[in-house]
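Enquirer: Let me give you the structure first, and then I'll get to my questions.
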């Protein structure tokens with residue numbers, strides 16, 4: 001991937017300014033249609049999901065009281081892992097985006113929600129909703145491009161630390177909830193001396209307190225409650241958190257790292273119109289294809305493109321508008337990046353491995369090892385496209 | 001040497017158990033799980049469940065509600081704030097309580113007349129079903145009789161203005177108070193339109209009240225200036241009136257002119273009508289600032305220009321970083337032109353970066 005502005009075969013070169021504004025108007029119409037039809041069905045959906053998730057969690061924790069018996073351990077761990085994934089993905093992420101604020105229910109609201117994750121809601125909302133969703137895929141602005149610990153774009157500078165980024169990425173995947181907390185805390189900025197120290201310490205205390213509460217619950221209180229099954233309940237909670245971390249990390253890598261996703265130069269968003277903003281979101285995200293359960297378990301982030309176009313529409317609607325959005329892509333001659341989960345995860349990982357090397361090495365040596373980029377080498381040439 | 005040991009009291013123990021439960025359910029609260037099975041339990045936010053819906057007239061119903069354990073008995077004449085999810089959106093309205101206060105099952109009732117374009121009233125009259133969960137507040141309002149009931153009473157009501165009065169009458173007649181002399185002047189388009197018509201006429205037939213029905217479709221509106229022609233001892237009566245603003249204003253003028261304004265108690269149906277013009281005075285209630293906003297300037301910009309520490313994020317309606325409660329007032333979505341209004345207690349949260357004032361607004365920041 002190279003900043004779109006540097007590509008010779010710029011994928012949006014064929015669009016005029018008027019085209020882009022028309023595209024924006026068509027997307028506004030899709031959004032307006034959903035908003036006008038939001039109602040009881042949607043409200044019932046999110047309430048059912050929350051209801052079901054809480055019951056699943058209670059049932060799983062009840063089963064884990066007897067986790068000394070291996071079948072109970074397996075069932076309880078699986079249930080707890082699924083419940084934690086739903087809490088983070090379909091409920092937490094989406095509620096905190098304000099997708100359900102229109103219901104005016106203070107219990108299901110972006111300003112009051114807290115999730116089962118190390119990162120406190122308020123900090124996550126800032127780094128995710130404000131920074132990532134506003135500056136999506138803008139080099140030097142969107143820290144989600146590699147989370148500040150990896151190089152996932154040719155235009156990001158290579159350093160010797162990038163050599164170990166496949167390992168870094170794997171470790172981050174295993175402890176992803178803490179990775180997100182550290183990321184939201186902007187530890188990197190602090191270490192470089194760019195952060196307000198007082199504010200950093202205040203936020204650090206908040207994160208530590210939440211990490212402590214989460215750990216006390218999962219690793220001390222529920223195991224103790226299990227009596228003779230304390231040790232196995234401890235390992236069950238550890239495993240459930242690990243499964244949740246690996247799953248969420250994989251899904252999130254699929255959103256912006258796979259081949260075909262475009263990045264943007266810092267200056268390209270100066271004076272960006274709403275149509276241009278939409279266009280950036282369209283080409284800066286990738287979907288995951290699959291069945292109902294896949295979409296549900298990804299929190300409908302499998303419709304990453306639709307989510308980035310309309311971050312505050314109810315998640316159950318992304319699937320419904322996806323055909324209309326895909327049709328727009330086709331009509332405007334744009335590529336709707338999508339693929340099955342294994343393919344997208346592999347594509348994202350491939351990029352992490354390939355870009356652990358400097359550009360010159362990555363393009364010359366790795367193809368021989370079978371690590372090949374999907375796009376043509378011609379796009380590597382410098383020079384601004386129109 | 002003596003030592004004193006502090007024995008944990010029942011309350012202290014309860015608190016500790018609760019704390020432990022909270023640590024086990026973090027980041028949620030134990031109540032979030034209990035709500036799944038027992039939403040009406042004691043300690044839960046006050047809710048109620050519809051147990052029956054009885055038609056009263058062609059456009060009004062009485063809704064029976066089983067309130068949560070935390071419900072405190074009301075005083076007849078008071079109203080209750082009810083929050084109902086309609087088309088997925090929580091809507092809050094206030095309705096007068098019409099039930100006996102000493103029902104053995106503890107259920108309460110509100111009586112609702114469908115008003116044209118009324119979201120909540122039409123829902124309750126035409127769509128509400130038994131089993132629906134509602135949000136409630138404790139009963140409130142001072143449209144009630146004093147503890148020592150005056151000897152001579154007059155009730156002047158129109159349309160659904162009878163609802164707080166029927167609550168008072170039912171409890172007067174059934175209770176320990178003897179009603180010696182109560183006059184009810186009630187206005188409705190026709191005799192069929194009288195909510196609780198049968199019951200009022202029965203009370204009158206038993207000599208418990210004197211009922212004067214005014215059918216406005218044939219008789220015209222009640223002329224307050226000529227009220228003494230049907231109730232000759234008007235000024236001697238402590239009066240409770242509920243109905244449209246025009247009627248209440250006329251009554252207040254007449255009672256004041258005769259120097260007995262203190263004997264008149266009124267209950268208005270609705271708060272002041274919201275204006276939906278462009279722009280308006282914005283009050284930032286926590287910071288104490290006010291600003292004149294134009295219709296094309298966002299509340300975020302207005303607040304910032306007024307020196308209010310506004311939370312903000314993407315400034316394009318995406319991130320919800322700027323969301324703050326609109327305590328009351330009217331705003332317009334600058335993207336779509338859609339107008340949203342809120343009344344005190346609605347708990348409506350708006351995004352200031354895409355909202356402009358469309359009338360006076362109180363913002364809780």
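The values are calculated or read from the model by the stated rules, or taken from the named source; none is laboratory data. Computed from a prediction, not measured in an experiment: that's the story for all the values here. No Cβ is skipped: glycine too gets one built from the backbone with ideal geometry, and neighbour counts run over all protein chains shown.
Enquirer: Can you name the residue in region A:231-271 that is farther than 30 Å from residue A:341 by Cα and within 14 Å of another protein chain (Cβ to nearest Cβ) and, of all such residues, is surrounded by the fewest Cβ atoms within 10 Å (Cβ to Cβ)?
Expert: Looking at residues that are farther than 30 Å from residue A:341 by Cα and within 14 Å of another protein chain (Cβ to nearest Cβ), I get A:271.
Residue-by-condition table, conditions (1) assigned to a helix (DSSP H, G or I); (2) under 26 Å from residue A:15 (Cβ atoms):
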site: A:239; (1), (2): yes, no
site: A:246; (1), (2): yes, no
site: A:249; (1), (2): yes, no
site: A:253; (1), (2): yes, no
site: A:259; (1), (2): no, yes
site: A:271; (1), (2): no, yes
site: A:277; (1), (2): yes, yes
site: A:293; (1), (2): yes, no
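Enquirer: Scan region A:204-218 residue by residue and report those that are within 12 Å of chain B (Cβ to nearest Cβ) and surrounded by 14 or more Cβ atoms within 10 Å (Cβ to Cβ).
Expert: Matches in region A:204-218: A:210, A:211, A:213, A:214, A:215, A:216, A:217, A:218.
Enquirer: What are the residues in region B:13-40 that are over 19 Å from residue B:80 (Cα atoms) and either touching a residue at least 12 places away in the same chain (Cβ under 8 Å) or under 21 Å from the mean Cα position of the chain (by Cα) (or both), if any?
Expert: Within region B:13-40, B:18, B:30, B:31 qualify.
Enquirer: Can you give me the number of residues within region A:124-138 that are more than 8 Å from every other protein chain (Cβ to nearest Cβ) and under 19 Å from residue A:185 (Cβ atoms)?
Expert: Taking region A:124-138 first, the residues more than 8 Å from every other protein chain (Cβ to nearest Cβ) are A:124, A:127-128, A:131-132, A:135-138.
Narrowing the set further to residues that are under 19 Å from residue A:185 (Cβ atoms) leaves A:124, A:127-128, A:131-132, A:135.
Qualifying residue count, region A:124-138: 6.
Enquirer: Step by step: first the residues of region B:96-108, then only those that are surrounded by fewer than 21 Cβ atoms within 10 Å (Cβ to Cβ) and closer than 22 Å to residue B:143 by Cβ, then the one that is nearest to the other protein chains (Cβ to nearest Cβ). Which residue is that?
Expert: The qualifying residue nearest to the other protein chains (Cβ to nearest Cβ) is B:107.
Enquirer: Any residue at all in region A:95-106 that is under 18 Å from the mean Cα position of the chain (by Cα) and in a helix (DSSP H, G or I)?
Expert: Within region A:95-106, one or more residues are under 18 Å from the mean Cα position of the chain (by Cα) and in a helix (DSSP H, G or I).
Enquirer: Name the residues in region A:272-290 that are surrounded by fewer than 17 Cβ atoms within 10 Å (Cβ to Cβ) and either within 14 Å of chain B (Cβ to nearest Cβ) or without any contact (Cβ under 8 Å) to a residue 40 or more places away in the chain (or both), would you?
Expert: If the condition is that a residue be surrounded by fewer than 17 Cβ atoms within 10 Å (Cβ to Cβ) and either within 14 Å of chain B (Cβ to nearest Cβ) or without any contact (Cβ under 8 Å) to a residue 40 or more places away in the chain (or both), then A:272, A:273, A:274 are the ones that fit.
Enquirer: With respect to residue A:165, determine if the residue is within 13 Å of chain B (Cβ to nearest Cβ) and either touching a helix residue (DSSP H, G or I) at 6+ places or on another chain (Cβ under 9 Å) or not in a loop (DSSP other than H, G, I, E, B) (or both).
Expert: no
Enquirer: With respect to residue B:290, determine if the residue is surrounded by fewer than 18 Cβ atoms within 10 Å (Cβ to Cβ), assigned to a strand (DSSP E or B) and touching a residue at least 24 places away in the same chain (Cβ under 8 Å).
Expert: No.
Enquirer: Can you confirm whether region B:28-37 contains a residue that is more than 14 Å from chain A (Cβ to nearest Cβ) and assigned to a loop (DSSP other than H, G, I, E, B)?
Expert: Taking region B:28-37 and keeping what is more than 14 Å from chain A (Cβ to nearest Cβ), we get none.
No, the conditions are met nowhere in region B:28-37.
Enquirer: With B:120, B:125, B:53 as the choices, which residue is part of a helix (DSSP H, G or I), at pLDDT 95 or above and more than 24 Å from residue B:144 (Cα to Cα)?
Expert: B:125
Enquirer: Right, here's the next one. Taking region A:65-82, which residues are surrounded by fewer than 23 Cβ atoms within 10 Å (Cβ to Cβ) and part of a helix (DSSP H, G or I)?
Expert: Our first condition is that a residue be surrounded by fewer than 23 Cβ atoms within 10 Å (Cβ to Cβ); within region A:65-82, this holds for A:65-66, A:68-75, A:78-79, A:81-82.
Passing the criteria: A:70, A:71, A:72, A:73, A:74, A:75, A:78, A:79, A:81, A:82.
Enquirer: If you don't mind, another one. Tell me which residues, restricted to region B:313-361, are at the interface with chain A (Cβ under 9 Å from one of its Cβ atoms), over 27 Å from the mean Cα position of the chain (by Cα) and closer than 25 Å to residue A:124 by Cβ.
Expert: Of everything in region B:313-361, those that are at the interface with chain A (Cβ under 9 Å from one of its Cβ atoms), over 27 Å from the mean Cα position of the chain (by Cα) and closer than 25 Å to residue A:124 by Cβ turn out to be B:313, B:314, B:315, B:316, B:317, B:318, B:319, B:320, B:321.
Enquirer: Any idea how many residues of region A:108-123 are assigned to a loop (DSSP other than H, G, I, E, B) and more than 8 Å from chain B (Cβ to nearest Cβ)?
Expert: Qualifying residue count, region A:108-123: 7.
Enquirer: So residue A:92 clears everything in (1) within 11 Å of chain B (Cβ to nearest Cβ); (2) in contact with a helix residue (DSSP H, G or I) (Cβ under 7 Å, 6 or more places away or on another chain); (3) under 16 Å from residue A:244 (Cβ atoms) except one condition, right? Which one?
Expert: Among (1) within 11 Å of chain B (Cβ to nearest Cβ); (2) in contact with a helix residue (DSSP H, G or I) (Cβ under 7 Å, 6 or more places away or on another chain); (3) under 16 Å from residue A:244 (Cβ atoms), residue A:92 violates only (2).
Enquirer: Scan region A:45-64 for residues that are facing another protein chain (nearest Cβ under 9 Å) and exposed (fewer than 14 other Cβ atoms within 10 Å of the Cβ) and report the count.
Expert: Qualifying residue count for the region: 1.
Enquirer: Go through the residues of region A:220-230 one by one and say whether even a single one is under 23 Å from the mean Cα position of the chain (by Cα) and crowded, with 19+ Cβ neighbours inside 10 Å.
Expert: Of the residues in region A:220-230, the ones under 23 Å from the mean Cα position of the chain (by Cα) are none.
No, the conditions are met nowhere in region A:220-230.
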